[in-house]
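Read the structure below first, then the notes.
The values are calculated or read from the model by the stated rules, or taken from the named source; none is laboratory data. It should be emphasised that the depicted structure is a prediction, and the values quoted were computed from it without experimental measurement. Positions of Cβ are backbone-derived with ideal geometry, glycine not excepted, and every protein chain shown enters the neighbour counts. Surface accessibility is based on the protein's heavy atoms, side chains included, excluding ligands, DNA and RNA. Shrake-Rupley method; radii C 1.70, N 1.55, O 1.52, S 1.80 Å.
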Amino acid sequence: MKIQVIAAIVCLLSFSACNHATKPSKALSSAEILELAGQSPGMNAGNGNFTVKTPAGWSTKDTVISRIAYIFMTAPAAAGSPFQANVNIITQELKEGFTVDKYMATTQKEMQTFFSSYKKLAEGERTVTDVKAKWMKCQYIHRESGTVLNGEITILVKNNIAYAITLTTLADELEQYAPALEEVLGSFNAK
């Protein structure tokens, strides 16, 4: 499951975990990134503060990996594929003055640092939960498996809590799962 949540963790690193690293981000493994992010101040602060609907046919699991609580939604398994497209949601309390714009800018910078293969495909703004959200589509290669992945990360900040909603797919499958992400975003409601 760790291959599926690494993009979300890099979002969290952009806020605080990378500031506590003893090694540069490029030298950290996915497991080390997860462990480091789990120690970040304010981690999981938004749990229980939002509702969301699972897309039809998908499954949902609330789980904890390295002290990070996730809502983890997976698409039906594709025949012969070792990877399942997924949407995961993680939360973190922000320091005063840390805006959604700054959060997304540092997320992009950290992804460039962590993934040498990182490529931003598109970015923009939208409204989720009646607040401004930033989104970014990207492609990168998972270090340990060599799998080429696409991701769409949507970040919103409400009541000083950052909500990172991340769709992760195999390369070139992002648009195939866009309707499911829209269903998640359309039903997302933060208190």
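Considering only the range 115-135, I want to know if a residue exists there that is open to solvent by 20 Å² or more (accessible area, probe 1.4 Å), modelled with pLDDT under 90 and basic (Lys, Arg).
no
Condition first: modelled with pLDDT under 90 and either under 14 Å from Glu182 (Cα atoms) or of a type in the set (Gly, Ala, Ser) (or both). Now tell me which residues in the range 136-161 satisfy that.
Result: Ser145, Gly146.
Among the residues in the range 144-156, are any charged (D, E, K, R) and open to solvent by less than 30 Å² (accessible area, probe 1.4 Å)?
Checked against the condition, which is being charged (D, E, K, R) and open to solvent by less than 30 Å² (accessible area, probe 1.4 Å), the range 144-156 yields at least one hit.
How many residues, within the range 83-109, are open to solvent by less than 10 Å² (accessible area, probe 1.4 Å), in contact with a strand residue (DSSP E or B) (Cβ under 6 Å, 6 or more places away or on another chain) and among the polar types (S, T, N, Q)?
4
Name the residues in the range 55-73 that are touching a helix residue (DSSP H, G or I) at 6+ places or on another chain (Cβ under 8 Å), free of Cβ contacts under 8 Å to residues at least 40 places away in the same chain and open to solvent by less than 60 Å² (accessible area, probe 1.4 Å), would you?
Ser66
Take the conditions among the charged types (D, E, K, R) and either out of contact with any strand residue (DSSP E or B) (no Cβ under 6 Å at 6 or more places or on another chain) or farther than 21 Å from Lys191 by Cα (or both) and apply them to Lys119. Does it pass? Break it down stepwise before answering.
On the way: among the charged types (D, E, K, R): yes; either out of contact with any strand residue (DSSP E or B) (no Cβ under 6 Å at 6 or more places or on another chain) or farther than 21 Å from Lys191 by Cα (or both): yes.
Yes: the conditions hold for Lys119.
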